[in-house]
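A.B. asks: Below are the structure tokens for one structure; questions will follow.
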Amino acid sequence: MPINILMPALSPTMEKGNLAKWLKKEGDKVKSGDVIAEIETDKATMEVEAVDEGTIAKILVPEGTQDVAVNDVIAVLAGDGEDVKAAGAGAAKPTASSAPPPPKAAEAPAAAKPAPAPAPAKAATPPPAVAAPQAPVPQTNGHGRIFSSPLARRLAKEAGIDLARINGSGPHGRVVARDIEGAKSGKGLKAPAAAPVGAPAIAPSMSDKQILGLFEQGSYELIPHDGMRRTIAQRLTASVQTVPHFYLTMDCDIGKLLAAREEINAAAPKDNDKKPAYKLSVNDFVIKAMAIALQRIPNCNVSWTEGGMLKHKHSDIGVAVAMPGGLITPIIRKAETKSLSTISGEMKDFAARARARKLKPEEYQGGTTAVSNLGMYGIKDFTAVINPPHATILAVGTSEERVVVRNGKIEIAHIMSVTLSCDHRAVDGALGAELIGAFKMLIENPVMMMV
């Protein structure tokens, strides 16, 4: 019987991906473990391995196709002894969710062209509401029952977890026991179902047509969104709409930190080319201080779920890294246990591989909080959007000389402003104040990070 090759879920949150390249062609024999294709997610390009042996009878989704939904059939494999031509002839057609590559900017579709001349939009006819993107539909047997193993169903019932919210990792999306264990810690859960009919719909302020109509034809270039930019937009919009943010700001005197950093870097061992083994940045101290602060205020090292609060044992710090087309947050795992030089080395490696889109999903997914530092751009202070399932994120501004008053005397100090964004469901005001206070104490007295 022919075997369907499905679009794999390369991460717990992946819903769609781009089929970048086929490494095998129709008629090629493959065995389990052979790399057959390259899939682009919103963050990285990854290889896909065959899980069965046979001959590729039919490729249903050509390379270059974008937005292929997880579990769509992308090719058909004929098993040993099967008629390859017959298997290919009976292959299902690709689903409607697979879309061809978008047109180039110079070949934008006619529907996207602006009106001949800008004209004010009529106030009497508001733009139609746009439905929120739907969560992926669970795999069922056609009668509403979700594919799952008996053990998985029993474990889900005991844990009080809805099977419909679990991304199955078994064959054809089947929910198995390991998925239930992951769901207990918040892994592999789908977003909550869309709001019921009748709930208020959130409409964009202006439609694409209205926006394009405000600008003269030929005065702009239309650049289609890539997967990363779409994902960032969707997740951050969902965050500000569903997570009740509040913000706490403090000024930190980092004079002692700058002196310690200079002394540590000067003492770093050098190789034969006189290249230092490490060069600490202010951000390395920030990561370490945030990690220890979470250990000292453990009730802030949490993630909100509808079923209960996840209280994390370690401080896994995500650090925002800018890259072409967006940003990504690689995670320093167990940062509270690592030296500043180790954190510095990991961050340099992460940043280089992030910009080359070579990070693995486990290197940027999860985490217990995040740090976003815009100090290198001269930004004094700002607020950052929480990246669920985190309950906090620390926005770090630049270090600058400011006039301060100490014991009635005017002095000059190196001050850095930081703002902590908190999810009020998980971290209330007093608790957030304790966390940012613990961070301030550590960053102003870096020797305390070594105790």
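The values are calculated or read from the model by the stated rules, or taken from the named source; none is laboratory data. Computed from a predicted model, the values in this text were never measured in an experiment. Here the Cβ is made from the backbone with ideal geometry for all residues, glycine too, and neighbour counts use every protein chain on show. Please note that ligands, DNA and RNA were not included when accessible areas were found on the heavy atoms of the full protein model with its side chains. Shrake-Rupley method; radii C 1.70, N 1.55, O 1.52, S 1.80 Å.
A.B. asks: In Å, the Kirkwood hydrodynamic radius of region 264-319 over pairs of distinct alpha carbons?
C.D. replies: 13.9 Å
A.B. asks: At a probe radius of 1.4 Å, what is the per-residue accessible area of residue 55, in Å² to the nearest 10?
C.D. replies: 10 Å²
A.B. asks: Would you list which aspartates and glutamates come within 16 Å of residue 16, measuring only between C-alpha atoms, while excluding same-chain residues fewer than 8 positions from it?
C.D. replies: Hits, sequence-local ones excluded: 38, 40, 42, 47, 63, 67, 72, 226.
A.B. asks: With labels modelled as points extended 7 Å from the Cα through the Cβ direction, what inter-label distance (nm, one decimal) is found for residue 348 paired with residue 1?
C.D. replies: Placing both labels 7 Å along Cα→Cβ, they lie 5.5 nm apart.
A.B. asks: Then there's this: Semi-axes, largest first, in whole Å: what does sqrt of 5 times each Cα gyration tensor eigenvalue give for region 294-351?
C.D. replies: So the equivalent ellipsoid measures 24, 17, 7 Å along its semi-axes.
A.B. asks: Beyond a 28 Å Cα-Cα separation, which of these cross-linked pairs lie in this structure: 279/409; 209/358; 334/440?
C.D. replies: The pairs that break the limit, which is 28 Å between Cα atoms, are 279/409; 209/358.
A.B. asks: Heavy atoms only, probe 1.4 Å: what % of the accessible area of region 283-403 goes to carbon and sulfur, would you let me know?
C.D. replies: Here carbon and sulfur together make up 55 percent of the probe-accessible area.
A.B. asks: Apply 1/(1 + (r/R0)^6) to the Cβ-Cβ distance of residue 441 and residue 339, taking R0 = 22 Å, and write down the FRET efficiency to the nearest 0.05.
C.D. replies: The calculated FRET efficiency here is 0.65.
A.B. asks: Once you have the Cα-Cα distance between residue 271 and residue 311, take 0.36 nm times their residue separation minus that, and quote the gain in nm to one decimal.
C.D. replies: Length difference between fully extended and current span is 10.1 nm.
A.B. asks: What do you get for Rg/Rh over region 307-451 if you use C-alpha atoms and the Kirkwood form of Rh?
C.D. replies: Value, to two decimals: 0.99.
A.B. asks: I need the trypsin sites (Lys or Arg not before Pro) found in region 252-294, filtered to DSSP loop residues with at most 13 other beta carbons within 10 Å of theirs.
C.D. replies: In loop regions of region 252-294 (DSSP not H, G, I, E or B), the sparsely surrounded trypsin sites (Lys or Arg not before Pro) are 274.
A.B. asks: Also: Which listed residue (324, 241, 300) has the Cα farthest towards the positive end of the charge dipole for region 219-339, taking +1 on Lys and Arg C-beta and -1 on Asp and Glu C-beta about the Cα centre?
C.D. replies: 300
A.B. asks: Heads up, I need the accessible area for residue 154: 1.4 angstrom probe, whole protein in place, Å², nearest 10.
C.D. replies: Rounded to the nearest 10, that gives 120 Å².
A.B. asks: Ok, one more. Using the Kirkwood radius built from alpha carbon pairs, what does the Stokes-Einstein equation give as D for region 212-326 at 10 °C and 1.306 mPa s, in µm² per second?
C.D. replies: Answer, rounded: 82 µm²/s.
A.B. asks: How large is ³J(HN,Hα), in whole Hz, for each residue of region 72-78 in order, when computed from phi with the Karplus curve 6.51 cos²θ - 1.76 cosθ + 1.60 and θ = phi - 60°, using x for Gly and Pro?
C.D. replies: 5, 6, 9, 6, 10, 10, 8
A.B. asks: Going down the list 288/348; 21/85; 184/288; 313/348; 184/311, which pairs span over 19 Å between their C-alpha atoms?
C.D. replies: The pairs that break the limit, which is 19 Å between Cα atoms, are 21/85; 184/288; 313/348.
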